[in-house]
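This report refers to the structure that appears directly beneath it.
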Amino acid sequence: MLKDIKISSKQAIYINITLVIATGWLSAPAFVAEKAKQDAWISFLIATLLSLPIAWIISKLSSLYPGKTLIEYLEEILGLWPGKVLAFLYLLWFIHITSIMYREYSEFLTDVYMPETPLVVFPVMTTLVIAYAVKKGLEVIARTLEVFFPWIIISVVLIFLLLIPNMDINRLLPIYDSNTISIFKGSLVPMGWMTEIFTFAMFIPFLTKPRHSFKVAAVSIILVGLNFLFNVIGSLLVFGALISTMTYPVLNAARLINIAEFLQRPEPIIMVVWVAGGIMKIAIFYFVIVLGLAQWLKLKDYRPLVLPIGAILIALSMIIADNTLEISSFLANIWPFYSLFLFQFGIPIMLLIIALLKRKLAPKI
């Protein structure tokens, strides 16, 4: 299926980075500071280092089963029915992640900019746009990211530079004031985001040079870590440990910008960045869901599944939580254990061990 689709290593890195920062950029500093206070930046460093092994795991699995996605090689590793069951669980996980993203995106726009607009309007409008892109395929999504991604990075850097007059290095002090356990606990939430790069296992067969998959995944994680570090240090320099009490620290910081009474409150820049990034991340996961489901059902074309899956995602996003606080509580307290230790690290490690043992124990012909 889709054997003619090809994306470059650069496009894959853009995809991987968007998988993580699009939703974590605004809220991650607050989640981490709740545990690690002004040492949140240390938590992000730890998260980056501990996330790097997933790059090797997915690269190794893909090299053992070249040309196959995660959904396809699960059956080869575990056998037909166990592989089918686990593949279905992964599809449910992808659907759950995507419905959470829909809700985060909708809650942000409703809470911050359009409180009178019914919540359901945003996922419906988003689906109409994204479904078209998904039907066009991965290459279209990748090319669109090539256009928008540099502007997203420029906007992030610009906001940081404009906030320099409001920054105070003393707000990072004292360093290592939190205990080691708190700093480690703080690293779990960004690790849960960073290891979403495990989703790259669905794209490796489409790389023009699949042998570079480890390099692509590792570079992606490092760049994501630097982006988060840039973000959390900027927030801490402006507010200190108070960011733990905020829902969107970056947005609060942007409201302080006032350059000679000329440039003030550039929140629209943040809205454009976050909405564009959120739409692209949803599009990537949306594609993963329909592609994976088509492979699970042994269909030749994923496109008939696009609209039904869109309807399911809209419905789930409306019932998945009651409000923003409930979503935040889930992401901070449950997400690391449910997603990180199970789907993004635990199961992949188990799969790799089984795959390597099968290779070692296979009779030599």
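Coordinate-derived values only; no laboratory data. Note that the structure is predicted; figures quoted are calculated from it, not measured. Because the Cβ atoms are built from the backbone with ideal geometry, glycine has one as well, and the counts that use them run over all protein chains shown.
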- Here region 145-151 yields Karplus 3J(HN,Hα) values (6.51, -1.76, 1.60; θ = phi - 60°; whole Hz; Gly and Pro given as x) of 4, 4, 6, 7, 4, x, 5
- Given all pairs of distinct Cα atoms, region 208-327 yields a Kirkwood Rh in Å of 18.3
- Message: Highest mean first, how do 156-162, 268-274 rank when packing is the count of other Cβ atoms within 10 Å averaged over residues?
- Response: 268-274, 156-162
- Message: Just to confirm the number: angle between the C-alpha axis of helix 267-296 and the first principal axis of the chain, 0 to 90 degrees, nearest 10?
- Response: 10
- State log₁₀ I(q)/I(0) for region 88-231 at q = 0.16, 0.21 Å⁻¹ as given by the Debye formula over alpha-carbon point scatterers of equal weight, solvent excluded. -1.35, -1.55
- Item | For region 181-194, 3J(HN,Hα) per residue [Karplus equation, 6.51 cos²θ - 1.76 cosθ + 1.60, θ = phi - 60°, Hz, x = Gly/Pro] | 5, 5, 5, 5, 4, x, 6, 5, 5, x, 4, x, 6, 4
- Message: What does the extension gain come out to for Arg143 and Arg303, with contour length at 0.36 nm per residue minus their alpha carbon separation?
- Response: 55.7 nm
- Hey, what do the phi angles of region 298-304 turn into as Karplus ³J(HN,Hα) couplings, whole Hz, using 6.51/-1.76/1.60 and θ = phi - 60°, x for Gly and Pro? 6, 8, 7, 9, 8, 4, x
- Message: Could you give me D for region 43-144, from Stokes-Einstein at 25 °C and 0.890 mPa s, where the hydrodynamic radius is the Kirkwood radius over C-alpha pairs? Units µm² s⁻¹, please.
- Response: 144
- Once Rh is set to the Kirkwood radius over Cα pairs, what Stokes-Einstein translational diffusion coefficient, in µm²/s, holds for region 201-249 at a temperature of 4 °C and a viscosity of 1.567 mPa s? 98
- Item | For peptides 322-330, 305-313, 45-53, 102-110, sequence by mean Cβ density within 10 Å, most packed first | 102-110, 45-53, 305-313, 322-330
- Query: In terms of modelled amide H atoms, which long-range or inter-chain residues lie less than 5 Å from the amide H of Leu207?
  - Reply: Ile7
- What value does region 91-174 have for Rg/Rh, both radii from Cα atoms and Rh as Kirkwood defines it? 1.10
- Just round it to a whole percent: the fraction of Cα-Cα distances in region 1-83 exceeding 20 Å. 55
- With everything on Cα atoms, drop me the angle between helix 346-361 and the longest principal axis of the chain, reported from 0 to 90° to the nearest 10. 30
- For region 180-249 and region 100-166, what is the separation of their Cα centres, given in Å? 18
- Message: If you build the convex hull over the alpha carbons only and average its shadow over all orientations, what do you get for the chain? Give it in nm² to one decimal.
- Response: 18.8
- With Cα atoms, 0 to 90° folded angle of helix 9-36 axis to the chain main axis: 50
- Task: Please express the Cα-Cα pair-distance distribution P(r) of region 89-132 as a list of whole percents, one per 10 Å bin, running from 0 to the bin with the greatest distance.
- Result: 27, 47, 22, 3
- Message: Within a 10 angstrom radius of the beta carbon, how do Thr126, Thr195 rank from fewest other beta carbons to most?
- Response: Thr126, Thr195
